[in-house]
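This report refers to the structure that appears directly beneath it.
The values are calculated or read from the model by the stated rules, or taken from the named source; none is laboratory data. Please read all numbers here as calculations on a predicted model, not as lab measurements. All Cβ positions, glycine included, derive from the backbone under ideal geometry; neighbour counts span all protein chains shown.
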């Protein structure tokens, strides 16, 4: 630091606590009465699934650091054990808030509207007959009661599975036993009865019928529990000669048996049963792994695995959900008689999902490439894709037509490893050249390259986006995509694919910012350039929108720029380790986070450049993992005709006074409220076009739109 000091507080905010603050903002949407009831329920489900992933990856890593005796503090100064303590405190507070929101607000309000989630004790005799019939025909045949005694060891409990801990008494011998019954994932969690929007939890239906599983035994009681296991892949020590596909397959299999990092129990579970579960799970851990303690047990209320509420939240009840949104076809692509290649050759094309149709842009681009006899080759990176993807069909069709098709499938996409392995085999069987990247790097970039023979030359057409080639998430996430046939961008993308599929130490690129080659260096250079302009009295301006800001070197560069007088606005959906508003350090930096209808997934950076702004879009956040451990690509948007659209989008975000939260110096967030000002929301799409520009005649009635959050 060159001016000022941070004496009372650390220079950085804690990464893990910042993420928990993001999840708290997600949960706040469930409390927000401006949202419709099923959308509020959806946010409770999203909060739960977000927390599952946090424990599977981040908590597991911290616990291993503590077990290994790591004494190095995080950039904010907290030791691993201190972080775990702070995390536990915040998680406990959030889980208590979930209970209030779900049981005191959302479920009672839904019940008043005819959507009921009830216990078995609340059913009428006729309703009992309905669910009992379902149990006999659909549930009982697939249940497997597992006894625990000297002849039956404690069973393996799979990750995130819901189980019943059952206490049984043999009335003949007077001996008490323990058994486990797994609640099958293959059946719906919420069993309907009566009207189509009335449900009883599956575990309660099983619990009420345990006598059928243990005939002649006395059922003393049952309580639900759930375990969370470490689920990240560990390929750092991989030898380059090994088969990456085989290795990922093996690790995906083995992580089913990985260490337990959390035990969730119903809050009515007696202490002796909690202790029994904890002891049995502790015994399965090897000496090298952290031991489970009472601190790893969470009281989860009467219902566990609230992520399953998503199926209730998506019930087709229009007045309880937000108005459906339909994407439109980008203006430049509306002429059915004009080739998409002609459009791109004329000038760069910028699309903004989900407002611009994914089908009519990206899928159309690849379909056209597959069918066009002049297309010679197609190359694409595949990080996550949807199950019924038209993209995979287009790629296999192109290969079968004799075109050269190469796909880089990222096997380490967290949560989608098994899915991507399946797609890789499908593509290979169709004749597509499939590569799997490098063991030490995730290929996170979203790039497609089409090579086409034309009258005057061989021309390269490129798509570079901020989001995955996934039609499902393209309807829920905000993302940009740039189509261009710029020779320099095309040459860069060719070099990038050659480095991914072959052997290369390429570090110099003409236009692209590429990680891990040069991206951090170039980003810091762009920040420092703004600082130099400011020091010279020529102004300095940075506006950057992304998912996370956590890289310490980049944050320090932003601090230097702030001290030089650069005006900096950051729109950061999730983690932000930069501390804004510190006098003489970051008093020129403002940070907001936007939570709303769509997951704010797009990355857009604007550097003032002394009145000639430069714009960049791509797949990377400002995090060490993106700069050092991932393959990323960011492209400049150079066509001046596209800049007003990007400016309008940034201005819409910065002026949001409904869904935006301001990050304060102490690390807490404060939600903006319009007060007497007109309401301005990034996600009230009925009042704006796809770039956030206000339409001439906005509707008089404000509509709160569909809400969705998810992990990248």
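Restricting attention to the stretch 265-318, the residues being at pLDDT below 90, closer than 18 Å to residue 148 by Cβ and in a loop (DSSP other than H, G, I, E, B) number 2.
Mind telling me which of the residues 218, 176, 203 ends up being within 30 Å of residue 59 (Cα to Cα) and either modelled with pLDDT of 95 or more or more than 31 Å from the chain's Cα centre (by Cα) (or both)?
On the way: 218 fails: within 30 Å of residue 59 (Cα to Cα); 176 fails: within 30 Å of residue 59 (Cα to Cα).
Within the list 218, 176, 203, the selection yields 203.
Among the residues of the stretch 144-151, are any without any contact (Cβ under 8 Å) to a residue 24 or more places away in the chain, within 30 Å of residue 103 (Cα to Cα) and assigned by TED's automatic domain parsing to the domain that holds residue 260? Checked against the condition, which is being without any contact (Cβ under 8 Å) to a residue 24 or more places away in the chain, within 30 Å of residue 103 (Cα to Cα) and assigned by TED's automatic domain parsing to the domain that holds residue 260, the stretch 144-151 yields no hits at all. Filter the stretch 460-498 for residues that are surrounded by fewer than 20 Cβ atoms within 10 Å (Cβ to Cβ) and without any contact (Cβ under 8 Å) to a residue 60 or more places away in the chain; which is farthest from residue 653 (Cα to Cα)? Looking at the filtered set, the residue picked out is 498.
Can you confirm whether residue 542 is in contact with a strand residue (DSSP E or B) (Cβ under 6 Å, 6 or more places away or on another chain), outside any loop (DSSP other than H, G, I, E, B) and not assigned by TED's automatic domain parsing to the domain that holds residue 347?
Working: in contact with a strand residue (DSSP E or B) (Cβ under 6 Å, 6 or more places away or on another chain): yes; outside any loop (DSSP other than H, G, I, E, B): yes; not assigned by TED's automatic domain parsing to the domain that holds residue 347: yes.
It is true that residue 542 is in contact with a strand residue (DSSP E or B) (Cβ under 6 Å, 6 or more places away or on another chain), outside any loop (DSSP other than H, G, I, E, B) and not assigned by TED's automatic domain parsing to the domain that holds residue 347.
Of all residues in the stretch 50-69, those that are surrounded by fewer than 14 Cβ atoms within 10 Å (Cβ to Cβ) and in contact with a helix residue (DSSP H, G or I) (Cβ under 6 Å, 6 or more places away or on another chain) total 0.
Those residues that are closer than 24 Å to residue 74 by Cα and surrounded by fewer than 22 Cβ atoms within 10 Å (Cβ to Cβ), I need them from the stretch 558-569; list them, please. Don't jump to the end; show me each part of the working.
First, pick out the residues of the stretch 558-569 that are closer than 24 Å to residue 74 by Cα: 558-562.
560 - this is the single residue of the stretch 558-569 that is closer than 24 Å to residue 74 by Cα and surrounded by fewer than 22 Cβ atoms within 10 Å (Cβ to Cβ).
Quick check, is residue 146 surrounded by 12 or more Cβ atoms within 10 Å (Cβ to Cβ), in contact with a strand residue (DSSP E or B) (Cβ under 9 Å, 6 or more places away or on another chain) and modelled with pLDDT of 95 or more? Spell out how you get there, then give the answer.
Numbers: surrounded by 12 or more Cβ atoms within 10 Å (Cβ to Cβ): yes; in contact with a strand residue (DSSP E or B) (Cβ under 9 Å, 6 or more places away or on another chain): yes; modelled with pLDDT of 95 or more: no.
So residue 146 fails the test.
Of all the numbered requirements in (1) more than 23 Å from the chain's Cα centre (by Cα); (2) modelled with pLDDT under 90; (3) within 19 Å of residue 305 (Cα to Cα), residue 241 misses one, and that requirement is (3).
Residue check: is residue 377 in contact with a helix residue (DSSP H, G or I) (Cβ under 6 Å, 6 or more places away or on another chain), under 20 Å from residue 464 (Cβ atoms) and outside any loop (DSSP other than H, G, I, E, B)?
Numbers: in contact with a helix residue (DSSP H, G or I) (Cβ under 6 Å, 6 or more places away or on another chain): no; under 20 Å from residue 464 (Cβ atoms): yes; outside any loop (DSSP other than H, G, I, E, B): yes.
No; evaluated as a whole, the condition is false for this residue.
Restricting attention to the stretch 184-198 and to residues that are loosely packed, with under 14 Cβ neighbours inside 10 Å and over 15 Å from residue 162 (Cα atoms), the residue that is nearest to the chain's Cα centre (by Cα) turns out to be 196.
For the stretch 380-387, state whether one or more residues are in a helix (DSSP H, G or I), under 26 Å from the mean Cα position of the chain (by Cα), in the same structural domain as residue 465 (by TED's automatic domain parsing) and at pLDDT below 95.
Here is the first cut: in the stretch 380-387, the residues in a helix (DSSP H, G or I) are none.
Taking every residue of the stretch 380-387 in turn, none turns out to be in a helix (DSSP H, G or I), under 26 Å from the mean Cα position of the chain (by Cα), in the same structural domain as residue 465 (by TED's automatic domain parsing) and at pLDDT below 95.
Scanning the stretch 527-539 for residues that are without any contact (Cβ under 8 Å) to a residue 60 or more places away in the chain and assigned to a loop (DSSP other than H, G, I, E, B) yields 536, 537. Assess whether residue 666 counts as being modelled with pLDDT of 90 or more, outside the structural domain of residue 477 (by TED's automatic domain parsing) and loosely packed, with under 14 Cβ neighbours inside 10 Å. Judged against the criteria, residue 666 is a match.
With respect to (1) in contact with a helix residue (DSSP H, G or I) (Cβ under 7 Å, 6 or more places away or on another chain); (2) outside the structural domain of residue 185 (by TED's automatic domain parsing), the lone exception for residue 346 is condition (1).
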